Structure formats: C-alpha cells, structure tokens
1. Which fully enclosed helices (runs of 4 or more DSSP H) of the range 156-223 have 3 or more residues being crowded, with 20+ Cβ neighbours inside 10 Å and on the phi < 0 side of the Ramachandran plot?
2. Being farther than 22 Å from residue 222 by Cα, part of a loop (DSSP other than H, G, I, E, B) and open to solvent by 20 Å² or more (accessible area, probe 1.4 Å) is the filter here, so list the residues in the range 97-126 that pass it.
3. So how many residues does the range 227-257 have that are surrounded by 17 or more Cβ atoms within 10 Å (Cβ to Cβ) and among the hydroxyl-bearing types (Ser, Thr, Tyr)?
4. Looking at the range 79-96, which of its residues are outside any helix (DSSP H, G or I) and surrounded by 14 or more Cβ atoms within 10 Å (Cβ to Cβ)?
5. Given (1) at pLDDT 90 or above; (2) closer than 21 Å to residue 106 by Cα; (3) among the aliphatic types (A, V, I, L, M), identify the lone condition not met by residue 245.
6. Just one of (1) farther than 18 Å from residue 67 by Cβ; (2) of a type outside the set (Ser, Thr, Tyr); (3) touching a helix residue (DSSP H, G or I) at 6+ places or on another chain (Cβ under 9 Å) trips up residue 189, so point out which.
7. Which of the residues spanning the range 57-78 are open to solvent by 10 Å² or more (accessible area, probe 1.4 Å) and not hydrophobic (A, V, I, L, M, F, W, C)?
8. Pairs needed: first member in the range 177-198, more than 23 Å from residue 59 (Cα to Cα) and free of Cβ contacts under 8 Å to residues at least 40 places away in the same chain; second member anywhere, of a type outside the set (D, E, K, R) and surrounded by fewer than 18 Cβ atoms within 10 Å (Cβ to Cβ); C-beta distance under 6 Å; at least 6 residues apart or different chains.
Amino acid sequence: SCKLDVDMNFRHFSIGTALFILLLYGGLIISLLYYFDPELFVEAITSQRALAAISLSLVAATLATLLSVIIALPAAYALARYDFRGKEVVDTLLELPIIVSPAALGAMLLIFFTNPLGNWIQTHTVQFVFAFAGVVLAQFVTTVGIATRFIKTAIDEVPVRYEAVGRTLGATPWRAFMTLTVPLARKGILAASILTWAKAMGEFGATITLAGTMAMRTETLPIAIYMHLSSADIESTVVLILVMLTIGLGTLYGVRKVGRRSRRA
C-alpha cells in the first residue's frame, strides 16, 4: 500500500508538471486573444508588407533547411561512423548555436564580412550584408549544427552491421549510405528537417544583425513582429504572432499526424 501511494504521488507530480507547461504556454497564447480583432486580422494579413514578410520567411527558411540538411547528412554520418582528427572539436562546435546567442552569431558573420576575405566574397560573388542571401545565411548558420546533431542521433540508431552486409554484397560506401542508412534513418532525418525548418522560421537575432530590417527585402516574420511591437502597434503584433504560431504549430501537428497514420499502416 505504501509503495502504491508513492507511485501515485509520483504519477500526480509528473502529470502536474506536464500540465504546468500546458498552462504556461497555453496561457501565453490565449492572452493574445485579448487584443485580437477579426477585422484588423484580415486587414493586416492581407497587407503587402505582411504578405512579403510571410513569403520571405517561408522561402528563406526552406532554403536554409535544405542547405543545412545537405551539409548535415554526410557530416552526421562522419561523426557517427568514423574516427578522424578534429572529430571532438567538430562535435563540440555543433553546440555553438546553443551556447552563443543568435545575435552574437549574426555579429560574427557581420564582422567576417568586414575583413578582406569577406569583402572579396561580397564583391565578387554574392552580397550578404543587408540582403536576402544574408537572411538565408544567418538561418543556415544557426541551424546547421542543430540539424547535424539530430541527424547524427538518427544515424546512431541504425546498426553498423547492415552497412557491413551491404558492403560485402558489393555496395560502395556511398551506395550503402544512400540505400541503407538514409532509408533506415528516414524518420529521424525527417524529424530533424522539420525541427530545423521551424528553428529557421523563428530565427531573429542573427538575421536582424546581418540582414537588417528592410521592409519587403529582408524583413522576415519575426523581424516584422519586432518592428510592429517597437512602434507600439500591439494589434498588428498579435496578428503576426498568431500567423507564425499557425504556420509553425500547424506544420508540426500535421507531420505528427501523418507519422501516426503511417505507423498504423
């Protein structure tokens, strides 16, 4: 009986902490409705500036995610399967976007483009500072480490013996990676890609530091929220936050629902 009481107490405590998180985040979301105006919502969401911020965020986040996953896949495989000089350093630096604030990462990028090499890159290749390419670069820098970490975790769960069997049957390392490792880790890779995209959508500090706040050019959805709030336009700020929540949480919910259906199938 005493053991049962302890188990029940722990159950109630753990459920209580989960419900606390629900109340915390749910309360913040519900509080937005105090300033919600349906007419203003339609007006704000259909404005040219808002549509530009939304489309720019979607395009930039998608490009940054594609770049991050393309780099993260082979990098994560190397960290999961091979021993090489500098591996520990690379593995540690994956945490840089977590240890260093996004604003500091953006400042590092901005400082890089003020040195001779950075100036040459901007002059002879692509303009990054105060440009759309800077938005994508800022989001890429803040997400590639996280994407690599998540994908490495997915690859670690794939037994090495499957690749070894494929190699004995004549598969090259590249073919074994593409036909065995990636398909077996596809759920983890998909989850990593979605989380990376969501992180890129919400990126603010590095983007505003490197690309600025130019409306219709580098103003992403998070920056638009900041700009409206800084001008005390709370109603428009609420509208943009709700749009961002709808896109982000809606995407995560949809993917999880599809994942549950596939598992049932």
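The values are calculated or read from the model by the stated rules, or taken from the named source; none is laboratory data. The model shown is predicted, which means the values in this text are computed figures rather than measured ones. Cβ: placed from backbone, ideal geometry, glycine included. Neighbour counts: every protein chain shown. The area values use the complete protein model at the heavy-atom level, side chains included, leaving out ligands, DNA and RNA. Shrake-Rupley method; radii C 1.70, N 1.55, O 1.52, S 1.80 Å.
1. Output list reads 186-201, 205-211.
2. 114, 115, 125, 126
3. 2
4. If we filter the range 79-96 for residues that are outside any helix (DSSP H, G or I), which is where we start, we get 82-86, 94-95.
Within the range 79-96, just 94 meets the criteria.
5. Failing condition for residue 245: (2).
6. Result: residue 189 fails condition (1) only.
7. If we filter the range 57-78 for residues that are open to solvent by 10 Å² or more (accessible area, probe 1.4 Å), which is where we start, we get 58-59, 62-63, 65-67, 69-71, 73-75, 77-78.
Once the filter is applied, which keeps residues that are open to solvent by 10 Å² or more (accessible area, probe 1.4 Å) and not hydrophobic (A, V, I, L, M, F, W, C), the range 57-78 yields 62, 65, 74, 77.
8. Filtered contacts from the range 177-198: 180/162.
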